[in-house]
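For reference, the structure discussed in these notes is given below.
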Number of protein chains: 2
Amino acid sequence: MTTATSNADASKVNNGVNVEALLGAREALEKAPEAAQFKWRASCEWLNGTHSRSTIEGFQGLGGEQTREKSFKVEADHPTQFASEDNAPTPVELLLSGLASCLTAGVAAVAQRRGIQLHSVKATLEGDMDLAGILGIDEDVRNGFSAIRVHFDIKADASADDIKALVAQSQKRSAAFDVITNPTNVYVTVN
Amino acid sequence: MTTATSNADASKVNNGVNVEALLGAREALEKAPEAAQFKWRASCEWLNGTHSRSTIEGFQGLGGEQTREKSFKVEADHPTQFASEDNAPTPVELLLSGLASCLTAGVAAVAQRRGIQLHSVKATLEGDMDLAGILGIDEDVRNGFSAIRVHFDIKADASADDIKALVAQSQKRSAAFDVITNPTNVYVTVN
């Protein structure tokens, strides 16, 4: 994990990530494992048809309830091709965005840690889905993606190999990548 | 799947979902399985630090490339507690929103199909995460959620059992629920 960099100007590298603070957090949480137990939350309100609005506010962690100065709204809907109003992305496009943003933030953080100045990072994602699953046409077809492809186009002051290694390390530590590639238990209750 | 309803006013039920169009789509795709092959997409641009912006535009399906009249932007960031700027929800909160909105849209569609008038649907989600994973403190701790709980609070012209059955059927046909509860292959390439 610790990488000696050959970049003489590593101290001038600025990807906008405060690596010292993150390393400090890691050290603190290593000593206080209960503070590393987090609960992330979202609530979702049905608007009409397939249109809904999620609200994201506080979370629990670092030994207590954490508040934010603002709350975030994330809407979802289905497209007109399914007789919906296309007010917002589909839920599965939100999943792709979550995966994309997690890997992208990871690339920036790892690059900062390794003294690599980034110039641009673009991820392009595509997820294959056979709608015979969700439409109930074929019970043998899964509802979700059969595969997701992520392509990164990165410009940085580093060799092609070092750039590939940034993405590999980001993948290795990505929460969203883990949630999507491995099974996660979801418990649903009503009223 | 076909449910006879005892609701004499089933024709007056309006949850804003065009069930006839969905049943028509199912019938059409049953006859043309290649048209049921979809590709959903997102691209993600790094802005600064852990802040990124995903763009969602067209998708492939129904036998061709599908365009939208607009494009959608979904931002993500990390909170101030991790020395970030909290410009947007975290990637994992986007995953929770995707799951919430998929199950919620499903509840509305199934209710319409079953002749049940909805009055309100609210989903509250919480995902447990031990940050010892993503911070690299403990290799035995996964990066993603150890569990997700979804609680639905639904007001509808239906019995408690019928309301529970709506959620169960939505779960059974939810793309996002499947992506999160089952493993999905993600292939990552660089430059």
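The values are calculated or read from the model by the stated rules, or taken from the named source; none is laboratory data. Everything numeric in this text was worked out from a predicted model, so none of it was measured. Don't worry about glycine lacking a Cβ; one is built from the backbone with ideal geometry, like all the others, and counts go over all protein chains shown. Quick note on the areas: whole protein, heavy atoms, side chains included, nothing else; ligands and nucleic acids left out. Shrake-Rupley method; radii C 1.70, N 1.55, O 1.52, S 1.80 Å.
Data overview
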{"item": "Residues (among the basic types (Lys, Arg) and buried (at least 18 other Cβ atoms within 10 Å of the Cβ)) located in segment A:42-76", "result": "A:ARG53"}
{"item": "Subset of segment A:66-75 (residues that are outside any loop (DSSP other than H, G, I, E, B) and among the β-branched types (Val, Ile, Thr))", "result": "A:VAL74"}
{"item": "Scope segment B:56-75; condition among the aliphatic types (A, V, I, L, M) and over 23 Å from A:LEU47 (Cα atoms); matching residues", "result": "B:LEU62"}
{"item": "Top-ranked residue of segment B:40-55 - restricted to ones that are of a type in the set (S, T, N, Q) and over 22 Å from the mean Cα position of the chain (by Cα), ranked as farthest from A:THR50 (Cα to Cα)", "result": "B:ASN48"}
{"item": "Whichever residue in segment B:40-60 is assigned to a strand (DSSP E or B) and more than 7 Å from chain A (Cβ to nearest Cβ) and, among such residues, is nearest to A:HIS78 (Cα to Cα)", "result": "B:PHE59"}
{"item": "Evaluation of A:ARG142 against (1) open to solvent by 40 Å² or more (accessible area, probe 1.4 Å); (2) under 26 Å from B:PHE145 (Cβ atoms); (3) under 19 Å from the mean Cα position of the chain (by Cα) (one fails), failing number", "result": "(3)"}
{"item": "Of all residues in segment A:20-39 being closer than 25 Å to B:LEU125 by Cα and more than 22 Å from the chain's Cα centre (by Cα), the one that is farthest from the other protein chains (Cβ to nearest Cβ)", "result": "A:GLU34"}
{"item": "A:GLU85 over 22 Å from the mean Cα position of the chain (by Cα) and outside any strand (DSSP E or B)", "result": "yes"}
{"item": "Subset of segment A:145-191 (residues that are outside any helix (DSSP H, G or I) and more than 7 Å from chain B (Cβ to nearest Cβ))", "result": "A:SER146, A:LYS155, A:ALA156, A:ASP157, A:ALA158, A:SER159"}
{"item": "Among the candidates A:ALA132, A:ALA105, residue that is within 7 Å of another protein chain (Cβ to nearest Cβ) and surrounded by fewer than 23 Cβ atoms within 10 Å (Cβ to Cβ)", "result": "A:ALA132"}
{"item": "Flag for A:SER170 being among the hydroxyl-bearing types (Ser, Thr, Tyr) and over 29 Å from B:ASP138 (Cβ atoms)", "result": "no"}
{"item": "Of the criteria (1) assigned to a loop (DSSP other than H, G, I, E, B); (2) out of contact with any Asp or Glu (no Cβ under 7 Å at 6 or more places or on another chain); (3) free of Cβ contacts under 8 Å to residues at least 24 places away in the same chain, which one B:HIS78 fails", "result": "(3)"}
{"item": "Single unsatisfied condition, B:LYS122 versus (1) within 27 Å of B:ILE134 (Cβ to Cβ); (2) within 7 Å of another protein chain (Cβ to nearest Cβ); (3) in contact with an Asp or Glu (Cβ under 7 Å, 6 or more places away or on another chain); (4) open to solvent by 30 Å² or more (accessible area, probe 1.4 Å)", "result": "(1)"}
